[in-house]
Every structure is written in C-alpha cells, then in structure tokens.
Amino acid sequence: MTYDDHNLASEVTGAEEEPSSSQNVNDIMVVKALKKRGGNRIYNKKHYCLYCSKPYSKIARHLEGAHENKPDVAKALSFPKGSKERKKQLDYIRNRGNYAHNAAVMESGKGELVPFRRPHKEVQGKEFMHCAYCQGLFTRKVLWRHMHNCKLKPGSVTSKPGKNRVQSMCTYTGPVPSHVSKQLWGVIGAMNPDPVTDIIKNDQVIIALGQHLLNKGGPSRKNQQYVREKMREIGRLIYNASKVTTLKKLEDFINPKNYMDTVKAVKFTCGYDSETNKFLIPSLANKLGNALVKVSKLLKAQGLISNNKELVENASKSLDVHQQKWNEMISATALRNISEAKWNVPTLMPFTEDVQKMHAYLNEMQDNWYKSLYENPSVKAWIELTKVCMTQIILFNRRREGEVASMPLSAFLSRDTSDPHQDVDWALSEVERKLYRHFTRIVTRGKRGRPVPILLTPKMLCALELLAKQRGAYGVLKDNQYMFARPEAITHFRDSDCIRGFAKVCGAKCPESLTSTRLRKHAATLSTVLNMTDTEMDQLATFLGHDIRIHREFYRLPEKTLQLAKISKVLMALEQGRLAEFHGKNLDEIQIDPDEKVLDSDEEDFQEKCQADSSIIDEPSAEEILPPTERNEMPPPPSKRHKPLPLDDTSPSVVSTVRPSSKGKVTQKKRPWQQTEVQAVERHMNRFIISGIVPAKSDCERCLRAEPEALKQRNWENLKFYVYNRITAYKREIQRK
C-alpha cells in the first residue's frame, strides 16, 4: 500500500516542514496506554486483522476462528499451543495487520496508529517507525535496540551499530510512495535521516532529477551512489538557501527573477569569502552549476510535455541567464581557486625501486596465503588472499582502483578462455606469441562506461579461481555480485586501504607515492622514453582507459621537470646570446652547461686569434646541410642556400655541391655515398622512403647499430637527410608517371 510522500517524510524522518491542510501530520497520533484511578492498566488495545481489516481485542482468537484456512494462519496453528514458534508466527500476522492499518492512516493523513507497545503519553506519529523484520511499530529511540534482538531477524544478517543506519534501512523497507519508483526509494532510503534527507523526500523536482539520473546511468550500485550524491548536493543547497534567501524549493531556483538569490545560496553553500575572493569548496560550486543546468533542461522538457508555457519560459530564460552570468559570478573564481591550489603542490612520482619492492612483497604474500587457504582453510586466509590479489591486479595493470575493486564476479567467470586463432600467429613475433598464451584477459566496466581490459598472470588466475570457488564457505552473501566481496556484506573491499596498507609494510622509501593514480601516471610518463608511434601511444592510452588527448596532455613528464630541465636550456641560451648556435636542434639535442663561463666579446676575439695562429680549426661535420626536424613529419622546403640535390632511386647519390664558405672556416666537399652504404640503408629504411615519412633520430640510430661496418663513416644526421632526399626523388618520379 502506498501513501503521500509528504506525510511519509514527516512520519518517517520527523520533518519540520509545514504540512498541507489536507494532510496534517499533527492529526496522526499514537494513543497512550490508559490506567484506572488506582494505577492499574486498562487492557483495551485493539489489533487490526490482516484479512478483514477490522479491530479485535483478541486477534489470535479471531484468526483461529475466522481465518484458519489462510496459509499463514494454518502454518501458525500447526504448532502446539503455548509454544514459542506458534506465538512468533501469530505475532507476525498481527504486526502485518497493524502495518496495513498504519499505512492507510498515513495515506489519509488522519487517524491513530497501532504501535507494538503504547507509550505513557500521547505522541505524534512521526516519532515512530516500523521494524524492517517484524513490521512492528516502535519509537525511533528504541528501534535499534529492538532490531538487535528481533525474533524474526534472518540468521545471516549481522547486527551493526548506529541508530541512523537502522532508521535508514527501516525507511527503505516501509511503504513506497506512489510517485517514486522502488529503485529510487532504495537510493533515498540509504541516506541518513537528517534535514537534508527531509528536503529531498518532500521536493518533487529533486525526485524527478534523481529518477532521471537513475534511468540514464542504470541500476548499478556505483550509479546509485552517484545519484545519491547528486541529490544530496541539491538538498544541501536548498537547506542553506533557506537560511540566507527566500528560496524554499528547487523549482524556485529555476526562475530568472531569483537568479541573484541562487548565486547567493551557492556562495553560502560553498563557503565563499568575499575578502579573499576564494571558495572553501570550489569544486562543489562547479558541480552545483552543472546540476542547475540539468534541472533547467529537465523542467523545460516536463513543461513541453505538459504544455506548461510558464514553466518552459522560466526554464529557458534561466538557461540563458545562467549561460551569461554563471562564469562571471561563480565558475571563473572557482576554477581559478582550483588551479592556484595546485601551483606549489609537490609532484610525487613512485620510485622504480619502490614499485619493484611492492611487486616482490605481494608475490610473496600471495604464495603464503594461497598455500594457507589451500591447506588450512580459514576466513582470515580468504580475506587476506582477496586483498593481495586485488592489489596485485591494480599494480600490475596500472588500473584505477574502482575498476578492479568493483569488478563483478560475472566478468571473471565469463572471461574468454578460447584458444587463439591460428591466423593471428602470422602477425606476431615469437615472443609475442608466447605472451599471448601466457596471460588471461578480462574486460570490465571502466570510467564513463568504457570497456577496460585486465591482464592476469597464471598465478593470479589460480588464486582468483580458488577465491571464487570457496567464497560461499566464508560468509560471502549470494546477493554480493563483486569478485572481491566482503564476507557478511553486499560491498567490496576498499581498494585504497589495501594499497596503502601494503605500501607501508613492503619497505618502500616513499609509500605515499604508491597510489593507483600515481602508478598510472608513472607508467604513462616513463613510456615517453620508448619513442612510441602515434598508433602505439593510442593503444597504451586505450589500455589505461584514457582518451588519447587527455593522455598526451596530462600523462607526460611533470611540468616542473619540463621547465627545470628542458625550457631552462632556452633561457640560458638567450641569456648567453648563444641561441643561434643551436639552429635546427630540438630541446633534447641542446647541450649547455649551467656552470660554463661565458666569454665577453674581447676574450672571444683573442681566443679566435690564438686558434688561427696555431691552426686549430674545428672541422665541419660530414653533412654541412642542416638536417630536417626530428619529428616524424616532412620538414619545410629547404632554402636556396641549403637546397638538397635529388638522388636517383637506383644509383648511389654523389653530392658535389660545396656549401659557401663562411668567414674563418675551411670548406669541405661532400663525401659520396658508396654502393655498400646505400644497400645497408635501404635494407632498414626502405619503408620510410616508400611511405614518405622522415625517420626519427632513434630510427636512424637503430639502423647504424644494425650496420656498424657498412655505415661506420656516417652519423644519424647523414642517414636522415639521405632518406629525405630519396623521399623527394621518389615523389618526383611518381608525379612524372
């Protein structure tokens, strides 16, 4: 049976809102126990029948005489008279009848509730709640004590402390309001009873927003937690707005006339300080702005559906005003506060040695606990092995904590165990084929619903199979869908706690740096030394669950390192007036010593004179023409002074052009390419010539290492420029054809 949400909130949570005239919570009462003048109790309490909805003083006698054919009644009467089981079953039927009556009273807004025990004085109905197990009506203060000892409590449920937790559970198990879905009622029922929860239950727009987010994200526990957080953010905004403005409902915020009050409420909620122009919680300001936009769009859609022109007009104008004023009033300051707070925060990166120590420690712990669980099964061994495996997977795969911790059991059980296709072996090297068969791959849900892969070693796979096989024997509930489930609960182990705990005991120098986020950045940052192609970088970003643009922007060398180690070279070259010396070089090729003494002009002239007298003249490089840029792209057209000659595609190139001599330097002729050199280059660099891509420095050095004898007189710049000329000749030949 359902009843109005306003009265439900008042009865269940004790809301202080002013009730409507048609449904006044003050009209719902619990009558006190009557006594005679001498102080003796008057036993006139009546219970309502579950089947005929009428009150009776002797409900057990009535059930036995009038409803003995009902299945529940027949089951209760099958036990001997005076037995505990008979009394328990009849009490449960009696409580269910009273519960149905109380629900009808709540829906009508008037009447008397039937409690499990009548109080000493008359009390309003909002001070009582129904037990989630036996459905008896108890006062809020003693409900937790009753539920701890309730005779109908399932044996698998363990008692947990906390009055608020008990009241939240009982709220969820109570009657569901007619305009709220059962799933959303479960989301709201998990909230602690407080003024914010009261506001959420009484505001129809917040209910509609919660249902919208729940429909959009699905019924997963993670999305339910997200919906709960968003609803409470809006609830806190309304709660604080009532203190400093006249806004009382969420619909009042979606009105252009109240926009300045909305800004005032947001600033008050986020702790804005006008003197310092800073928010205490700047991220909350941005979240509230996004939430208000969603609410405006939602109300606009509802207005269009119901043909409510006033609602559509208010929502549309609010969106326009928000677009023009929100950045100026709120978001610009909030984003500036967030950015400034990160300026001088030290960058923590894990040491490779610490990562190795943690890997070794986890491998040792896995062996010990796996052996212990296999030979001497115990709950502790199962729990510890679960924590070790979860941490190992996060560390090895560099996954986000939540992606592994919330991995469902179904993802592990439905993993792909088929043999690799034979045709795939043609595209893999021998080492890659072994790795392909060595690891096991699982796909689970990641950030923004992306599918993210998880690789398992054979040892990890054996441990997870043992955990999945024995989870039922160690108290894991059937309703718990997680692979790394906690016994006697419906949640999973907290991943950050496990990583933090193992980081402290593994002997790491800096255990604070061993977090999943820093480990992910550590892997992505160090991958820059591999000189990966765009395709390979895209594959790494996909495996880590990144967007490639975010990967390139944030997962690189820390900005502090770039500025201190690389950009400082340019500044020193500018300071010493030597920037022209490094013409055509990138930041990695610039070599400049911070302790090097800079000579003034007189000292430099004197040194040049001495060098000329002693015939100590620096020989120019074998390639006088400047090489193209090191990036994997075609360089700009060479100037007239540095114009390269096209090379024939079939014969070695003989470059006889002499660079115009500069003052004080000896010119040198180009050394022609020998046939053996050309063949050595073409064996390794022909793919670049055909594709039209200029090789990188690392590609040229790899070719030099492969042909040390044939190319002993060449350097990487010679190879790069040679390939560039061959590409130019190849393109001209194609154009002629």
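Points worth noting:
- Contact map, segment 186-211: residues that are at negative phi paired with residues that are of a type in the set (S, T, N, Q) and not in a helix (DSSP H, G or I), Cβ distance under 7 Å, separation 6+ or inter-chain. Pairs shown: GLN211/SER181.
Results for (1) touching a strand residue (DSSP E or B) at 6+ places or on another chain (Cβ under 9 Å); (2) farther than 30 Å from ASP479 by Cα; (3) among the hydrophobic types (A, V, I, L, M, F, W, C); (4) surrounded by 13 or more Cβ atoms within 10 Å (Cβ to Cβ), shown as yes or no for each residue.
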{"residue": "TYR226", "(1), (2), (3), (4)": "no, no, no, yes"}
{"residue": "ASN240", "(1), (2), (3), (4)": "no, yes, no, yes"}
{"residue": "VAL244", "(1), (2), (3), (4)": "no, yes, yes, yes"}
{"residue": "GLU251", "(1), (2), (3), (4)": "no, yes, no, yes"}
{"residue": "ASN255", "(1), (2), (3), (4)": "no, yes, no, yes"}
{"residue": "ASP261", "(1), (2), (3), (4)": "no, yes, no, yes"}
{"residue": "ALA265", "(1), (2), (3), (4)": "no, yes, yes, yes"}
{"residue": "PHE268", "(1), (2), (3), (4)": "no, yes, yes, yes"}
{"residue": "ILE281", "(1), (2), (3), (4)": "no, yes, yes, yes"}
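Condition check ((1) surrounded by fewer than 20 Cβ atoms within 10 Å (Cβ to Cβ); (2) of a type in the set (A, V, I, L, M); (3) over 25 Å from SER283 (Cα atoms)) across all residues:
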| position | (1), (2), (3) |
| --- | --- |
| GLN183 | yes, no, yes |
| GLY186 | yes, no, yes |
| ALA190 | yes, yes, no |
| THR197 | no, no, no |
| ASP203 | no, no, no |
| ILE206 | no, yes, no |
| LEU209 | no, yes, no |
| ARG221 | yes, no, no |
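- Against the numbered list (1) modelled with pLDDT of 50 or more; (2) within 28 Å of ARG736 (Cα to Cα); (3) part of a loop (DSSP other than H, G, I, E, B), THR629 comes up short only at (1).
- Here the helices (runs of 4 or more DSSP H) wholly within segment 174-263 that include at least 2 residues being within 24 Å of the chain's Cα centre (by Cα) are 182-189, 204-217, 221-244.
- Test: residue in segment 301-314 that is β-branched (Val, Ile, Thr), crowded, with 16+ Cβ neighbours inside 10 Å and either assigned by TED's automatic domain parsing to the domain that holds LEU385 or modelled with pLDDT of 90 or more (or both): yes
- Test: residue in segment 170-181 that is of a type outside the set (Val, Ile, Thr), farther than 26 Å from ALA100 by Cα, in contact with a Gly (Cβ under 8 Å, 6 or more places away or on another chain) and modelled with pLDDT under 85: no
- Look at (1) loosely packed, with under 14 Cβ neighbours inside 10 Å; (2) in contact with a helix residue (DSSP H, G or I) (Cβ under 7 Å, 6 or more places away or on another chain); (3) modelled with pLDDT of 80 or more and you find that TYR474 fails only one, number (1).
- GLU364, sole failed condition from (1) of a type outside the set (Val, Ile, Thr); (2) under 28 Å from the mean Cα position of the chain (by Cα); (3) closer than 30 Å to ARG486 by Cβ: (2)
- Qualifying residue in segment 247-255 (condition: among the charged types (D, E, K, R), under 21 Å from GLN323 (Cβ atoms) and not assigned by TED's automatic domain parsing to the domain that holds ARG494): yes
- Residue match in segment 672-687 (condition: out of contact with any helix residue (DSSP H, G or I) (no Cβ under 8 Å at 6 or more places or on another chain), among the hydroxyl-bearing types (Ser, Thr, Tyr), at pLDDT 85 or above and buried (at least 18 other Cβ atoms within 10 Å of the Cβ)): no
- If you go through segment 94-108 and keep only what is over 16 Å from ARG61 (Cα atoms) and not polar (S, T, N, Q), you end up with ARG96, TYR99, ALA100, HIS101, ALA103, ALA104, VAL105, MET106, GLU107.
- Residue match in segment 257-278 (condition: in the same structural domain as LEU335 (by TED's automatic domain parsing), of a type in the set (Asp, Glu) and in contact with a helix residue (DSSP H, G or I) (Cβ under 8 Å, 6 or more places away or on another chain)): yes
- Test: LYS469 is surrounded by fewer than 16 Cβ atoms within 10 Å (Cβ to Cβ), out of contact with any helix residue (DSSP H, G or I) (no Cβ under 7 Å at 6 or more places or on another chain), modelled with pLDDT of 85 or more and assigned to a helix (DSSP H, G or I): yes
- Where ASN344 falls short, out of the listed (1) of a type in the set (S, T, N, Q); (2) over 25 Å from ASN240 (Cβ atoms); (3) part of a helix (DSSP H, G or I): (3)
- Cβ-Cβ distances below 8 Å connect the following pairs, each with a first residue in segment 440-465 that is assigned by TED's automatic domain parsing to the domain that holds ASP367 and closer than 17 Å to ARG400 by Cβ, a second residue that is aromatic (Phe, Trp, Tyr) and assigned to a helix (DSSP H, G or I), and a separation of six or more residues or different chains: ILE442/PHE412; VAL452/PHE543; PRO453/PHE543; LEU455/PHE396.
- One residue stands out in segment 415-431 among those that are surrounded by 12 or more Cβ atoms within 10 Å (Cβ to Cβ) and of a type in the set (D, E, K, R): the one that is modelled with the lowest pLDDT, namely ASP425.
- Screening ALA291 with (1) among the small types (Gly, Ala, Ser); (2) within 27 Å of GLU229 (Cα to Cα); (3) at pLDDT below 90 gives one miss only, at (3).
- Filtered residue count, segment 709-727, keeping only those that are in contact with a Leu (Cβ under 8 Å, 6 or more places away or on another chain) and either surrounded by fewer than 20 Cβ atoms within 10 Å (Cβ to Cβ) or in contact (Cβ under 8 Å) with a residue 24 or more places away in the chain (or both): 7
- Filtered residues of segment 688-706 (kept if β-branched (Val, Ile, Thr), in a helix (DSSP H, G or I) and crowded, with 16+ Cβ neighbours inside 10 Å): ILE689
So that you can scan it fast, the table gives a plain yes or no per residue for (1) β-branched (Val, Ile, Thr); (2) out of contact with any Phe, Trp or Tyr (no Cβ under 9 Å at 6 or more places or on another chain); (3) surrounded by fewer than 15 Cβ atoms within 10 Å (Cβ to Cβ):
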site: VAL321; (1), (2), (3): yes, no, no
site: GLU328; (1), (2), (3): no, yes, yes
site: VAL345; (1), (2), (3): yes, yes, yes
site: ASP367; (1), (2), (3): no, yes, yes
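- Those residues of segment 492-513 which are within 23 Å of PRO377 (Cβ to Cβ) and either among the polar types (S, T, N, Q) or in a loop (DSSP other than H, G, I, E, B) (or both), in sequence order: PHE493
- Residue count, segment 379-414 (criterion: part of a loop (DSSP other than H, G, I, E, B) and surrounded by fewer than 17 Cβ atoms within 10 Å (Cβ to Cβ)): 1
- Qualifying position, being surrounded by fewer than 16 Cβ atoms within 10 Å (Cβ to Cβ), under 55 Å from the mean Cα position of the chain (by Cα), closer than 26 Å to PRO154 by Cα and not charged (D, E, K, R), among ALA100, ALA74: ALA74
The values are calculated or read from the model by the stated rules, or taken from the named source; none is laboratory data. In this text the structure is predicted, and so the values were computed from the model without any measurement. Glycine gets a Cβ as well: all are built from the backbone with ideal geometry, and neighbour counts include every protein chain shown.
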